[in-house]
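First up is the structure itself, then whatever we jot down about it.
The values are calculated or read from the model by the stated rules, or taken from the named source; none is laboratory data. Bear in mind that the values here come from a model prediction, so they are computed numbers and not experimental data. We place every Cβ from the backbone using ideal geometry, glycine too, and count neighbours over all the protein chains shown.
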Amino acid sequence: MITNPTTSPLRRTSAPSRRSIPMNWRERGIGVLRIIFGFVLVVAATLKWQPQFQNTFVEQVSAAQAGQTALVQGWISFWANLVSINPLLFARMEATTETTLAVFLILGLFSNLTSIVGISLSLGIWSIPEGFGGPYVPGHSTDIGTAFPYAILFAVLLCLSAGRYYGLDQWITPRLGRLGFLASGSLRLRRK
């Protein structure tokens, strides 16, 4: 066992340096792409706040039933019936969620939580009003819907800890204590 504190690979220093390592081009790119995606969601959220969207929410949810299998029709019908109880509430919940996601993406705030909520919302949109992107008919179906790639992008942002770059997560994570997992935080090693 090595007991020499000078040569030990796990030695502690008394005064750690507070200088952080500068970002490379990939890290800067991740931060910029997260911010751009946030502005894309600003446009989507703005459209969700329009009265025409909110007034036709039930029709949009149930429109994907045509041509689907019985199982998918039942799934969409369940949600259409649930939404019809108070369509304005559900439309505003979706608009509020998208607005919050957009703001949090732009600021790089609570990135892990933002990504998980974004994945859930995107998969919800893909599976209900988009009807899983179907019906899939050979020769006629050419894509799987627009919300599924959003879910993949949110998953990529989660895996890359995108809030660390040009975001507030790097400063708030240490202050969150046990709730630090909600933000991507600063995993950057500091020089000692």
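Can you tell me which residue in segment 143-175 is nearest to residue 123 (Cα to Cα), limited to those that are charged (D, E, K, R) and surrounded by fewer than 18 Cβ atoms within 10 Å (Cβ to Cβ)? Don't jump to the end; show me each part of the working.
Step one: filter segment 143-175 for residues charged (D, E, K, R), giving 143, 164, 169, 175.
With surrounded by fewer than 18 Cβ atoms within 10 Å (Cβ to Cβ) added as a condition, the list becomes 143, 175.
Values: 143: 15, 175: 32 Å.
Result: 143.
Exactly one of these conditions fails for residue 90: (1) farther than 19 Å from residue 33 by Cβ; (2) at pLDDT below 90. Give me its number.
(2)
Inside segment 95-113, can you point out the residues that are out of contact with any Gly (no Cβ under 6 Å at 6 or more places or on another chain), surrounded by 22 or more Cβ atoms within 10 Å (Cβ to Cβ) and modelled with pLDDT under 95?
The answer is 110, and nothing else.
Could you check, for segment 53-76, whether at least one of its residues is acidic (Asp, Glu), over 26 Å from residue 153 (Cα atoms) and over 13 Å from the mean Cα position of the chain (by Cα)? Before you say what the answer is, go through the steps one by one.
The first filter runs over segment 53-76 and keeps only residues acidic (Asp, Glu), leaving 59.
After this cut, where a residue has to be over 26 Å from residue 153 (Cα atoms) as well, the list is 59.
Add one more test, that the residue is over 13 Å from the mean Cα position of the chain (by Cα), and what stays is 59.
Among the residues of segment 53-76, at least one is acidic (Asp, Glu), over 26 Å from residue 153 (Cα atoms) and over 13 Å from the mean Cα position of the chain (by Cα), which makes the answer yes.
Identify the single condition in (1) without any contact (Cβ under 8 Å) to a residue 60 or more places away in the chain; (2) closer than 18 Å to residue 101 by Cα; (3) of a type in the set (A, V, I, L, M) that residue 42 does not satisfy, given that it satisfies every other one.
Of (1) without any contact (Cβ under 8 Å) to a residue 60 or more places away in the chain; (2) closer than 18 Å to residue 101 by Cα; (3) of a type in the set (A, V, I, L, M), only one is false for residue 42: (1).
Could you pull out the residue among 122, 186 that is over 13 Å from the mean Cα position of the chain (by Cα) and either at pLDDT 95 or above or more than 22 Å from residue 69 (Cβ to Cβ) (or both)?
Of the residues listed, the single one that is over 13 Å from the mean Cα position of the chain (by Cα) and either at pLDDT 95 or above or more than 22 Å from residue 69 (Cβ to Cβ) (or both) is 186.
Take segment 54-81 and flag every residue that is part of a helix (DSSP H, G or I), without any contact (Cβ under 8 Å) to a residue 60 or more places away in the chain and surrounded by 13 or more Cβ atoms within 10 Å (Cβ to Cβ).
Passing the criteria: 54, 57, 58, 62, 73, 75, 76, 77, 79, 80.
Scanning segment 125-168 for residues that are over 21 Å from residue 45 (Cβ atoms) and not in a loop (DSSP other than H, G, I, E, B), which turns out modelled with the highest pLDDT?
Ranking the candidates gives 159 first.
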